[in-house]
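Every read-out reported here was derived from the displayed coordinates using simple, explicitly stated rules and does not represent laboratory data. Note that the coordinates shown come from a computational prediction; the quantities given were computed from them, not determined experimentally. Please note: Cβ atoms are built from the backbone with ideal geometry, for glycine as well, and neighbour counts cover all protein chains shown.
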Amino acid sequence: MKKSKVFLEDISALRRTAEKRLLENKQKNQDVSLSTVDMHRLIHELSVHQIELEMQHEELLQSRDHLEKGLERYTELYDFAPVGYLTLERDSTILEVNLKATRMLGVERSLLKGARFALFVDQAGVRVFNTLMERVFSHQEPAFCEVMLVHEADPLAQQSEVRIEAVVQNDGQSCWMVLSDITRQKQIERENVRLQETLVQARKMESIGRLAGGIAHEFNNMLQVMLGNIDMLIAREDLDVSAHRSFTTVRNSIMKAAGIVRQLLAFGGKQIISPTTLDLHVVVVDMVKILKPLMGEHIKVIVTSVDRLWPVRIDSTQIDQVMINLALNARAAIKECGTLNITTRNIVVDAAFCAVHSEIVPGDYVLLEVHDDGCGIDQETLDSVFEPFFTTKSMIEGTGLGLATVYGIVRQNRGAIFASSTQGAGATFMIYLPRSAAN
């Protein structure tokens, strides 16, 4: 623009020179016309300046075109950026906002301008956000925080977790703010923590299982020796009644200890088993006939099968152990009258389910679901419910091996078990046993 002005001034100067010469010649009564040489020189200079002006005009048009395209690119980058951009006053009033931010806040741009950004921060994050703004404007330095956003128009909409980065502009009265949606990132972080906890728990249970199985195996050998000797003593004909009674008491204690050892072996996966391909529902129905007297008249036992079950390969005695332990747990949880619901059905486990439950792999399973309407289990107890020797009962009432045995049996058969409960609304145990390849 400056060059064009200079050239125009040059043209005006040439014109003034020509007028001056004409005036001088007129005063001297000479011919007012310029000489041929001067005329050609003047025309040449004017032509050169005209060409230069046209070139400058073309450059200006190109510059304007570049500026317009640059503005379009800036607008596109600003509006369609993967993060939200806002300009805020000190009291968080929104001056400018891009399209990404409007989508994150769920409000049209025209309605956002003039509104206070603090209104879109959830109640728990308002203090954090206010601290951020105070620090940015007081210390004149960049700052960031993480808060949860809510949609003003729809408070029930899914909340977005965002990272806010702010820096004061040169005017000192407003700040740039960048919103980054970190909802997915935080979900992944929480999922990684959960998976890490699950892995630690699985490793702990595996280590305890190996230790318990090894100890139980050695202890079982010693019990067999003790049991053989006590049977020999009881069989003696010269044994008086008092000694016979004492030896019988000792033998009963040995047998009780042997029962605990069998539970430890089951938990450790070292129990001797004879798996067969069977219909799980048939085995459960047969076992319930034995369980009903055990549960008592005040507890109703209901067995249902949703599907024609796929076959599973497992030792039927292990199913009996699982059912007895779960039934005894339910009986303890149901203080007065109640119901024990036992359901079997086919289920296909997909990758989405496995992403939440890392203990199981995708595939076809038969689900055994046992639900009671008892007092329920609190979360702290639920987290430790499958650990050996963990019990909420007294030492006289239980050993803490019931659910640990169930866990060991299920894992030994390549299955998975999950527990859920709500206090006052009962507990549910879900056992997934893999479908057998047999037809």
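Among 343-353, 240-250, how do they line up from the highest to the lowest mean number of other beta-carbon atoms within 10 Å? Walk me through the numbers on the way to the answer.
Numbers: 343-353: 14.5, 240-250: 12.1.
Put in order of decreasing packing, that is 343-353, 240-250.
Can you compute the charge dipole magnitude of segment 311-376 about its Cα centre, using +1 on each Lys and Arg Cβ and -1 on each Asp and Glu Cβ, nothing else charged? Give it in debye, rounded to the nearest 20. Intermediate values should be presented prior to the final figure.
Details: 4 positive and 9 negative charges, 18 e Å.
Using Cβ point charges on Lys, Arg, Asp and Glu, segment 311-376 gives about 80 debye.
Taking 0.36 nm per intervening residue step and subtracting the Cα-Cα distance, what contour gain separates residue 292 from residue 414 on full extension? Before the final figure, lay out each step's value.
Numbers: separation 122, 0.36 × 122 = 43.92 nm, distance 2.90 nm.
Extending this stretch completely gives an extra 41.0 nm.
If you put +1 on each Lys and Arg Cβ and -1 on each Asp and Glu Cβ, how big is the dipole of segment 276-357 around its Cα centre, in Debye rounded to 20?
Numbers: 8 positive and 8 negative charges, 35 e Å.
Charge dipole, segment 276-357, about its Cα centre: 160 debye, nearest 20.
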**OP:** Starting with the fewest neighbours, write out 160, 358 ranked by other beta-carbon atoms found within 10 Å of each beta-carbon.
**Re:** 358, 160
Original post:
What is the local net charge at residue 98, summed over the other residues whose Cβ is closer than 10 Å to its Cβ (Lys, Arg +1; Asp, Glu -1)?
Top reply: +1
**OP:** Name the residues whose placed amide hydrogens come within less than 5 Å of the amide hydrogen of residue 301, ignoring near sequence neighbours (fewer than 5 apart) on the same chain.
**Re:** 340
Subject >> Cβ-defined net charge surrounding residue 308, 11 Å radius [Lys, Arg +1; Asp, Glu -1] >> reply: -1
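When the convex hull of the Cα atoms of segment 276-434 is projected onto a plane and the area is averaged over all directions, what value comes out in nm²?
Details: hull surface 36.3 nm².
Over every viewing direction, the Cα hull of segment 276-434 projects on average to 9.1 nm².
Multiply the residue gap between residue 81 and residue 163 by 0.36 nm, knock off their C-alpha separation, and tell me the result in nm, one decimal place. Walk me through the numbers before you get to the answer.
Working: separation 82, 0.36 × 82 = 29.52 nm, distance 1.54 nm.
Extending this stretch completely gives an extra 28.0 nm.
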